[in-house]
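Comments concern the structure below.
The values are calculated or read from the model by the stated rules, or taken from the named source; none is laboratory data. Being a predicted model, the structure only gives us computed values, none of them experimental. Note that we place each Cβ from the backbone using ideal geometry, even for glycine, and neighbour counts take in every protein chain shown. SASA here: full protein model, heavy atoms, side chains in, ligands and nucleic acids out. Shrake-Rupley method; radii C 1.70, N 1.55, O 1.52, S 1.80 Å.
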Amino acid sequence: MKKIAFLMVVILAFGALAGCATGGSTKTLTINDIQTDPFSFTGEIVITGVNAGFFHDDPQVFFVVDTAELLACKDLACGAFQLPVIYEGGGGLPELGDEVVITGSWGTYRVQGQGGIEDVDIFEITKIEVKRNIMNLLQ
């Protein structure tokens, strides 16, 4: 009985170490992965895509489209789904056409709408990494 208990402890310890060795890595999602039901992804998530444009009233708000979809259609405005994001962290914002990996979670953003001030859902970025600019690939 003691051997079985000891063996179980060893197996559990190796399992925990294996999880640590992978860094407990979170899968990086694409815009197409989340577009059908973006709010079903809760907590902190990682998404990759391309900056397709900035919100005219606030340069910290921009829209991210799917990289593969953008490369196929070769137009920043062709994305079937544009994810609104906000980045208020330190460092610069990505340029138009920058492929980014963003980490964050859902929050709300207050905007002036036609009917007055309203809260809208937005992806709040806590970490951003620019991979490359793909504007030259859109020609």
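Take the conditions over 19 Å from residue 95 (Cβ atoms), at pLDDT 75 or above, among the charged types (D, E, K, R) and open to solvent by 60 Å² or more (accessible area, probe 1.4 Å) and apply them to residue 27. Does it pass? If you could, list the steps in order and put the result at the bottom.
Working: over 19 Å from residue 95 (Cβ atoms): yes; at pLDDT 75 or above: yes; among the charged types (D, E, K, R): yes; open to solvent by 60 Å² or more (accessible area, probe 1.4 Å): yes.
Yes.
Within segment 64-76, is even one residue at pLDDT below 55 and farther than 21 Å from residue 105 by Cβ?
No, that holds for no residue.
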